[in-house]
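What follows is one structure encoded as structure tokens, with my remarks underneath.
The values are calculated or read from the model by the stated rules, or taken from the named source; none is laboratory data. Computed from a predicted structure; not experimentally measured. We place every Cβ from the backbone using ideal geometry, glycine too, and count neighbours over all the protein chains shown. Side chains included, ligands, DNA and RNA excluded: accessible areas come from the protein's heavy atoms. Shrake-Rupley method; radii C 1.70, N 1.55, O 1.52, S 1.80 Å.
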Amino acid sequence: MKDIRILLIEDHKLIRVGIKTLFEEAEGYTVVGEAENGKTAVILASELNPDIILLDLGLPDMSGIKVIEQIQEREISSKIIVLSSSLNEEDIEKCMSLGIYAYVIKDINTDMLLQIVKAVNDGAMWFDSKIVPFLRNGNERIIRQKPLKRSVFKEQHFNLTQREYEVLKLIVDGKSNNDIANELCISEHTAKAHVCNIIQKLVVDDRTQAAVKALKEGIVN
């Protein structure tokens, strides 16, 4: 199996070297290019067409969001992962509306970052749990939804039961297992079981990813 080819865009040299070392020491990853500013990033993305672009938003010459826009204008097929310390709602909203595959906060642990890059390369999406409030409070503006008729729901969305669908809607609303139990008049144990079933059926890692997928694909609106 070929290595995942990564373009690393980060203006802080110490951070950039640390991330590059992480991928160089891990099996299955190759950093094919590095950029410390937006202009170089767009050029390298065009020349290298990497599998993954790992992008910091705070670049010296232009914003990371502008970089994403210019990369998309060139119809580069790379999957973009934003790696940022920003929890600015406007940044998050714009990045997600541009169709990035992941938004990762920089305090992520190294093993998780490796897993996220692999998952995104395989076609998954991943969003840090810290940005879930923004998904709850304004998802109709942030995520492009694909409307889904309820009549075809079961056929297209992993055979969720009606009860699991109700639980999924509460997950999207940010409810805890205890909240779900109280809302639906069921035990917390039963609520937890429903959440586990939903995660399994939607083929995601956790409730955050279930909420994102539900919004992104129009399962819940």
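One residue stands out in segment 1-22 among those that are assigned to a helix (DSSP H, G or I) and of a type in the set (Lys, Arg): the one that is farthest from the chain's Cα centre (by Cα), namely 13.
Of the residues 67, 82, the single one that is surrounded by 20 or more Cβ atoms within 10 Å (Cβ to Cβ), touching a residue at least 40 places away in the same chain (Cβ under 8 Å) and closer than 16 Å to residue 7 by Cα is 67.
Check whether at least one residue in segment 23-34 is part of a helix (DSSP H, G or I), of a type outside the set (Asp, Glu) and at pLDDT 95 or above, and report yes or no. Yes, segment 23-34 contains a residue that is part of a helix (DSSP H, G or I), of a type outside the set (Asp, Glu) and at pLDDT 95 or above. Name the single residue, out of those in segment 48-63 being among the acidic types (Asp, Glu) and touching a strand residue (DSSP E or B) at 6+ places or on another chain (Cβ under 8 Å), that is nearest to residue 90 (Cα to Cα). That would be 56. Within segment 82-132, the set of residues being within 17 Å of residue 216 (Cβ to Cβ) and assigned to a helix (DSSP H, G or I) comprises 92, 93, 94, 95, 96, 97, 116, 119, 120, 129, 131, 132. Applying a threshold of 9 Å to beta carbon distances and a minimum spacing of six or more residues, or different chains, the list of pairs starting in segment 111-122 at a residue that is within 14 Å of residue 3 (Cα to Cα) and at pLDDT 90 or above and ending at one that is part of a helix (DSSP H, G or I) and open to solvent by less than 30 Å² (accessible area, probe 1.4 Å) reads 114/23; 117/23. Among the residues of segment 30-63, the ones that are within 24 Å of residue 111 (Cα to Cα) and open to solvent by less than 30 Å² (accessible area, probe 1.4 Å) come to 10 in all.
Report yes if residue 44 is out of contact with any Pro (no Cβ under 7 Å at 6 or more places or on another chain) and not in a strand (DSSP E or B), otherwise no. So that I can check it myself, show each step before the final result.
On the way: out of contact with any Pro (no Cβ under 7 Å at 6 or more places or on another chain): yes; not in a strand (DSSP E or B): yes.
Against the criterion (out of contact with any Pro (no Cβ under 7 Å at 6 or more places or on another chain) and not in a strand (DSSP E or B)), residue 44 qualifies.
In a residue-by-residue description of segment 71-78, the property of being open to solvent by 40 Å² or more (accessible area, probe 1.4 Å), touching a Leu at 6+ places or on another chain (Cβ under 7 Å), at pLDDT below 95 and within 20 Å of residue 96 (Cβ to Cβ) applies to at least one position. Of all residues in segment 1-15, those that are surrounded by fewer than 14 Cβ atoms within 10 Å (Cβ to Cβ) have Cβ atoms under 8 Å from Cβ atoms of residues that are of a type in the set (D, E, K, R), 6 or more apart or on another chain, in 12/56; 13/36. Of all residues in segment 190-217, those that are within 20 Å of residue 99 (Cβ to Cβ) have Cβ atoms under 6 Å from Cβ atoms of residues that are at pLDDT below 85 and among the β-branched types (Val, Ile, Thr), 6 or more apart or on another chain, in 208/132; 210/204; 213/204; 214/220; 215/143; 216/143.
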